[in-house]
Amino acid sequence: MRASRLIEVLEKLIKEPRWAAFVWGAPGIGKSSIIKAVAAKGNLPVVDLRASLLDPTDLRGLPVVKDGRAVWCPPSFLPAPGMKPGILFLDEINAAPPLVQAAMYQLVLDRRVGEYQLPEGWRIIAAGNRAEDRAVVFRLSSALANRFIHLTLEVDVDCWTDWAFKHQIDPVIIGFIRFRPALLAEKKPSGPAFATPRSWEMASDAIKACDGLKEAQDVLPGIVGEGPAAELIAFGKNAQVTKALEAILEDPEHAPLPTALDQIWAITSCLAAMAGKTSQGDKAIET
């Protein structure tokens with residue numbers, strides 16, 4: 001499921017808070033960001049609960065004696081009665097061991113744990129990595145899995161490009177990913193640093209912090225991996241792209257256009273990133 005479609009589905013599902021949703025996907029492709037963006041669009045608060053940090057008894061809370069009987073005080077990390085309706089986000093829920101998952105059964109299906117009741121209007125959305133992603137995960141028990149609507153997020157270059165422009169990702173990175181879409185998210189990473197939408201965002205920030213691609217070239221392998229970094233650096237060093245872009249900005253009506261696909265992607269991405277920021281860029285785009 002593309003990111004745009006997932007957003008559309010989640011926006012509809014949160015209108016019916018009874019059923020919980022589970023978003024599956026590889027690390028770093030934007031699962032958490034999408035869920036939080038959907039919440040922000042709907043003006044819904046988010047309570048981010050990491051099940052992997054809990055013990056099985058934590059959800060129930062602590063007992064106190066009241067009128068000679070034990071009464072359970074629910075934990076403060078759960079939405080309190082009277083709170084504005086929002087989203088209880090169970091991130092990386094399948095990174096929790098089986099006993100903690102079992103403690104989630106009643107919360108996910110019945111919207112309660114012991115004496116605690118999830119406030120009216122609150123929705124439950126979970127997210128997690130898949131076993132094939134080589135992340136630290138436990139098998140999701142069938143009893144817990146059957147309590148969710150399961151949605152799988154897939155990487156899509158067009159959706160990522162739209163997001164990248166809106167979030168001012170470095171235009172050279174955008175052009176490179178359009179030219180080498182397979183490197184947006186590596187399926188079989190060979191080291192601790194590998195390419196994902198999240199790591200490309202990190203790479204963009206590193207390029208800006210280091211004042212340019214050239215100055216950041218020894219940092220990039222530690223963010224996106226050796227191979228993708230080398231290809232990005234080679235792509236960015238293409239002097240013909242710089243000269244062609246300068247010529248287009250100077251005389252957009254008569255400047256020759258490149259024919260090589262990588263150069264076209266790079267120039268198009270740079271011009272798109274300049275839209276609305278410089279009169280030269282706007283004139284070149286209009287032409």
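The values are calculated or read from the model by the stated rules, or taken from the named source; none is laboratory data. All of these numbers come straight from a predicted model, not from anything done at the bench. Using ideal geometry, Cβ is built from the backbone for each residue, glycine included, and neighbour counts are taken over all protein chains shown. Heavy atoms of the whole protein, side chains included, go into the accessibility calculation; ligands, DNA and RNA do not. Shrake-Rupley method; radii C 1.70, N 1.55, O 1.52, S 1.80 Å.
Here are some notes:
- For Arg50, the amide hydrogen comes within under 5 Å of no other amide hydrogen, counting only partners 5 or more places away or on other chains and with H modelled in the peptide plane.
- A 1.4 Å probe run over the chain, with the rest of the protein chains in place, finds 54 Å² accessible per residue.
- Cα gyration tensor shape for region 70-124, rounded if a/c is under 1.5, else prolate or oblate: oblate
- Cα centroid separation, region 1-66 to region 121-187: 15 Å.
- Computed over the chain, the per-residue total of -39500 (n - 2.57) for DSSP H runs of n ≥ 4 gives a 222 nm mean residue ellipticity of -12000 deg cm²/dmol, rounded to 500.
- For region 140-216, with all protein chains in place and a probe radius of 1.4 Å, 52% of the accessible heavy-atom surface sits on carbon or sulfur.
- A Cβ-based charge dipole, computed about the Cα centre of region 11-59 with Lys and Arg at +1 and Asp and Glu at -1, lands at about 280 debye.
- Of the peptides 75-88, 173-186, 212-225, the ranking by mean beta-carbon count within 10 Å, highest at the top, reads 173-186, 212-225, 75-88.
- Share of carbon and sulfur in the accessible heavy-atom surface of region 1-93 [1.4 Å probe, %]: 58
- More than 24 Å apart - percent of Cα-Cα pairs taken over the chain: 60
- Relative to the longest principal axis of the Cα atoms of the chain, the long axis of helix 197-209 lies at roughly 60 degrees.
- Sum of side-chain charges, Pro81 neighbourhood, beta-carbon under 14 Å (Lys, Arg +1; Asp, Glu -1): +1
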